[in-house]
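Below: the structure, in structure tokens.
The values are calculated or read from the model by the stated rules, or taken from the named source; none is laboratory data. Treat the numbers as computed from the prediction; the structure is a model and nothing was measured. No Cβ is skipped: glycine too gets one built from the backbone with ideal geometry, and neighbour counts run over all protein chains shown. Areas reflect the complete protein model, heavy atoms only, side chains present, ligands, DNA and RNA absent. Shrake-Rupley method; radii C 1.70, N 1.55, O 1.52, S 1.80 Å.
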Amino acid sequence: MKKNVFKKFITSTAAILAVAAMAVPNVSVFAENTPTINVLPAVVKNPANATADVTVKKDIVLFNVDGSSILSPNVTYSYEVTSANVTTAKITTYAPEDLDTDGKTPKTGAVPIAVTVRKGILAAVSTTQDSDSSDNKITGSITFGAASDTTNNNTTKHSTNREDATTVTLSNKVSSSMTITVDAMKIYDPQHGETGHTDTQVNGPGVYRYKIEDVTTAETLTASGIDRKYKADDDNTDKYIYLDVYTKYNDNKNGLVIYGYVLLKDTTGNDNVDVTYNKDTTVETIKITGFDTESENTDKYGDGTVNKANLTSDAYHTYNVEVSKKTAGDLADTQHNFPFKIELTNTNPVSSLDDFYYQITKDGTAQGEVITHLENNGSLTLDGNGTTPTTANLQLQNGDKILITGLPVNTQIKVTETNDTADKYSVSAKDTDSAALPLNGSNSPVSVDAGSTAAMDSVFAVDNTTALDKIEFTNTLKDISVTGLLFNVAPFAFITVAGAVLLGLFMKNKRNSDSESKI
């Protein structure tokens with residue numbers, strides 16, 4: 001069995017002895033650690049302390065190509081709580097009176113005491129959003145997005161890390177949580193509270209261990225654009241954490257109360273991990289707060305940053321794209337608003353309805369931001385030919401643009417422009433690198449009649465990791481000569497030159513005629 005130790009274990013840790021001796025003061029347990037853990041306050045030994053609500057946190061680290069603020073992904077994580085398969089696990093520590101005045105160092109000759117950890121009693125556990133529990137597991141979930149954001153409709157934007165950053169700021173994240181409620185009376189007697197049942201002791205005081213497993217499917221994560229940073233599937237121990245619940249008798253000795261709990265993680269995924277007090281030894285078993293950045297990146301959390309390659313928390317990657325409009329040529333109408341249609345699609349197997357937002361800039365003035373999301377089929381169309389409030393203004397004149405921010409990974413875009421003028425325009429399109437984008441089955445530019453459209457031949461992947469993706473449409477209408485014969489040539493200059501040539505020929509012929517008439 002692998003031995004592990006806790007760092008910075010404080011005096012009150014020894015309250016575990018109450019499990020065996022039943023004679024320690026009512027104090028909080030594990031009140032000091034890095035990271036800070038969930039603890040119970042000092043309690044009075046009465047049935048009111050029979051239950052405890054344990055908060056399990058979850059974080060997603062956010063990324064955006066430009067470091068722009070983005071909306072939370074819409075994703076629900078699934079969890080299962082089961083009884084840990086413990087057989088020999090022990091918690092070894094000291095009595096409070098056996099520790100020195102610093103509350104950490106054992107006195108000379110102090111003898112440690114060990115308490116055996118027991119399997120968690122599943123009947124005592126319930127969770128928020130419990131959906132599919134059975135005799136073998138209790139289910140729970142943690143939701144991000146519209147149902148959990150601070151405004152309850154996912155309109156709060158969050159700071160991000162740049163996609164090309166080498167150092168990740170762990171505070172650039174979204175956070176959510178679930179609550180696991182443990183009822184000590186249900187540990188004492190799993191049938192406690194049932195009609196007609198008289199409470200009798202089935203289980204005594206002690207430390208009871210539960211196993212919490214992240215069972216979120218790969219399909220769910222992929223659909224949401226979540227990049228899971230767990231280890232390989234054959235060594236996927238990061239998806240497990242443990243909950244140790246500390247119980248003792250109430251004053252009347254006819255039930256149990258909870259006086260503390262600890263969430264912990266073991267790098268080996270060992271249900272039988274031992275917890276041994278040692279104030280100086282770095283530990284592999286750590287006290288944690290859940291599936292959060294603080295817990296998952298403990299070795300780096302003191303700095304609040306981590307090398308991107310070493311990030312172990314889940315990450316949400318998002319990208320931006322700008323569609324802009326230009327006109328060229330002396331006859332091109334710079335004030336005309338050309339209707340645009342933008343079709344967004346996502347190749348993920350299931351749509352997650354991830355929220356993003358767009359902003360149209362017209363005549364140099366940015367319009368209000370509009371929050372939207374892909375539909376269930378993974379697509380969304382913004383159509384300037386439409387009449388809905390969110391798309392009717394997608395009509396761009398020279399210098400106008402639309403910026404779409406926070407698109408999840410695997411999003412693609414296709415742009416179509418309508419020539420709703422009476423003129424025939426030459427239309428071209430180019431991408432981020434100024435490379436020509438084929439239109440209407442041909443290399444641009446293409447000639448677009450009045451009432452016709454210029455459409456990109458294929459979708460464009462919005463996945464640039466170093467800069468903003470761009471698509472620019474240019475409509476060109478050159479000036480024509482008055483005669484209708486020449487383009488971009490001054491017609492009167494042509495007439496002047498031609499007249500000069502004719503005059504020269506006339507004068508030459510006249511001189512020749514005069515010469516011949518002389519005798």
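Report the net charge of residues surrounding Leu407, where surrounding means a beta-carbon distance below 10 angstrom and charges are Lys +1, Arg +1, Asp -1, Glu -1. Neighbourhood net charge equals -3. For region 47-145, trypsin sites (Lys or Arg not before Pro) meeting the loop criterion (DSSP other than H, G, I, E, B) and having at most 15 other Cβ atoms within 10 Å: Lys107. With contacts taken as Cα pairs under 8 Å and at least 6 residues apart, region 76-167 reaches a relative contact order of 30 percent.
Stretching the chain fully between Ser69 and Ala366 yields a gain of 105.2 nm (0.36 nm per residue, less the alpha carbon separation). Carbon-plus-sulfur accessible fraction, region 58-140 (probe radius 1.4 Å, protein heavy atoms only): 46%. The label point for Ser171 and the one for Ala218, both projected 7 Å from the Cα toward the Cβ, are 3.6 nm apart. Label-to-label distance for Thr87 and Asp53 is 3.8 nm, based on points extended 7 Å past Cα in the beta-carbon direction.
Using the Cβ-Cβ distance between Gln129 and Ala435 with R0 set to 35 Å, the FRET efficiency from 1/(1 + (r/R0)^6) comes to roughly 0.15. Between Asp479 and Asn254, the contour length at 0.36 nm per residue exceeds the alpha carbon distance by 71.3 nm. For the residue pairs Lys90/Lys229; Lys119/Lys287; Lys173/Lys430; Lys104/Lys211; Lys326/Lys424; Lys173/Lys308, the C-alpha atoms sit more than 23 angstrom apart in Lys90/Lys229; Lys173/Lys430; Lys104/Lys211. Modelled label positions at Gln191 and Val111, each set 7 Å beyond Cα in the direction of Cβ, lie 4.1 nm from each other.
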